[in-house]
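The values are calculated or read from the model by the stated rules, or taken from the named source; none is laboratory data. This structure is a prediction, so every number in the text was calculated from the model and none was measured. So basically every Cβ, Gly included, is an ideal-geometry build from the backbone, and we count neighbours across all protein chains shown.
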Amino acid sequence: MSPELKALLGFAVAATVAWALTPLAARLAFRVGAVAPVTERSLHTSAMPALGGVAILAGLLVAALAFVPDSSTTEGIVAGALVITLVGALDDIFDLPAGTKLAGQFVAVLIPVLSGVVVEEGTVPLIGHFDLGEMAEPLTMIGMVGVINVVNLTDGVDGLAAGVCAIAAATFAVIALSLDREASGILAACTAGAAAGFLVHNFHPASIFMGDAGSNLLGYLLACIAIQGLLKTAAAVALFFPLVVLAVPILDTGFVVAKRLKYGVPVYRADRWHFHHRFTNIGFSQRRTVLYLYGWTLCLAGLALALRFIPYSDGHGNLNTGWALVLVAVGLLTLAASFYLVVVLEILKLRRFSGRRLGRHRGAELSPGEVDAHVAESLSTGEFPAIDRD
């Protein structure tokens, strides 16, 4: 059986198992108290079961055991997956302190690192080769925990984290298989399938949340796959693959952390400064918000695939002018889409609804200058009043 066929079957099996077991995970969540209450930053309006990560793990395990080639590295990744899911599930039930959660995440990533999931060296275009030496293992662990928390912070609206992770894992699967990283490619396909199967129940209006058990697990798996399937290859742009594919959650986390530091808020404290909160605050429905962010992720995934498959170079530093121009065009289109989504779309949408809301409040039509001043204030603070779209 070819690796590509194993990957497709792994995707299908993982999706089916996760889809079938998610309702059971919801019942279990209510029984053990893993329930997400309604808070001031919530977008849901009633208490929700938050143990979907257990169903994602089950789908992954069944598919991985059937199709991923067995090795000590694979066993280490699976063992770490069990630990990180347990840590997340305990947090979903007991709301663990931030320090305890972080310690549990480091324990989980230590397992695959000791099994060989380590970035020891690599190549950065225009800079050259690097060797991490004795810092390889600790830096790898820090990077993996970083990815786990990036995904965790993205999980704030129905279907967002599951969909983005499914797209990212599917992209990683294609790239890893093309680089002859069979185990990583099949594991990525299984991860994509498990996330997609869960997404059937998690897309708005969701009947269950993945909880920290799910977001921690998906972030952990994406980190392991990125290291084994992409970074530990001879591809000159290998470092850029995960950075491009995961750009949406990375940028979201970077924006939120910067805001928290700016206003002296602890970086682990929840708030409403995420991209999905900002879009819903300016009038987007949850579905529309998620679909726009899916589209942005797909654009970036397309750029990563273009970097892998467009023959812009002969591998020895010599550019193929025609194909290089095609790659530049793809990059510019992705940049334009990102600019439109983050800047033009958000500001224009906010400007339109702010003008309507303030005009109704004051009983008179506002001048463009007054609306722009209000928009600038809202964007600088990240705080938006509720907007009535009627």
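Points worth noting:
- Considering residues of region 111-155 that are among the small types (Gly, Ala, Ser) and in a strand (DSSP E or B) only, the residue modelled with the highest pLDDT: Gly122
- Residue within region 72-85 that is of a type in the set (Asp, Glu) and either in contact with a strand residue (DSSP E or B) (Cβ under 8 Å, 6 or more places away or on another chain) or free of Cβ contacts under 8 Å to residues at least 12 places away in the same chain (or both) present: no
- Here the helices (runs of 4 or more DSSP H) wholly within region 168-252 that include at least 1 residues being surrounded by 22 or more Cβ atoms within 10 Å (Cβ to Cβ), within 14 Å of the chain's Cα centre (by Cα) and acidic (Asp, Glu) are 211-225.
- Flag for Pro23 being at negative phi, outside any helix (DSSP H, G or I) and surrounded by fewer than 22 Cβ atoms within 10 Å (Cβ to Cβ): no
- Any hit, region 59-79, residues being under 18 Å from Phe203 (Cβ atoms), under 20 Å from the mean Cα position of the chain (by Cα), modelled with pLDDT of 95 or more and of a type outside the set (Ser, Thr, Tyr): yes
- Filter result for Met135 (over 30 Å from Ser207 (Cα atoms) and aliphatic (A, V, I, L, M)): yes
- Test for Gly146: is it closer than 30 Å to Leu199 by Cβ and either out of contact with any helix residue (DSSP H, G or I) (no Cβ under 9 Å at 6 or more places or on another chain) or not hydrophobic (A, V, I, L, M, F, W, C) (or both): yes
- In region 66-82, the residues that are of a type outside the set (Val, Ile, Thr) and in a helix (DSSP H, G or I): Ala66, Phe67, Ser72, Glu75, Gly76, Ala79, Gly80, Ala81, Leu82
- Per this entry, Asp95 is counted among residues that are farther than 18 Å from Cys224 by Cα, surrounded by fewer than 23 Cβ atoms within 10 Å (Cβ to Cβ) and modelled with pLDDT under 95.
- Enumerated helices (runs of 4 or more DSSP H) restricted to region 286-390, each holding at least 3 residues that are surrounded by fewer than 13 Cβ atoms within 10 Å (Cβ to Cβ) and either at pLDDT below 50 or out of contact with any Asp or Glu (no Cβ under 7 Å at 6 or more places or on another chain) (or both): 321-339, 346-362, 368-381
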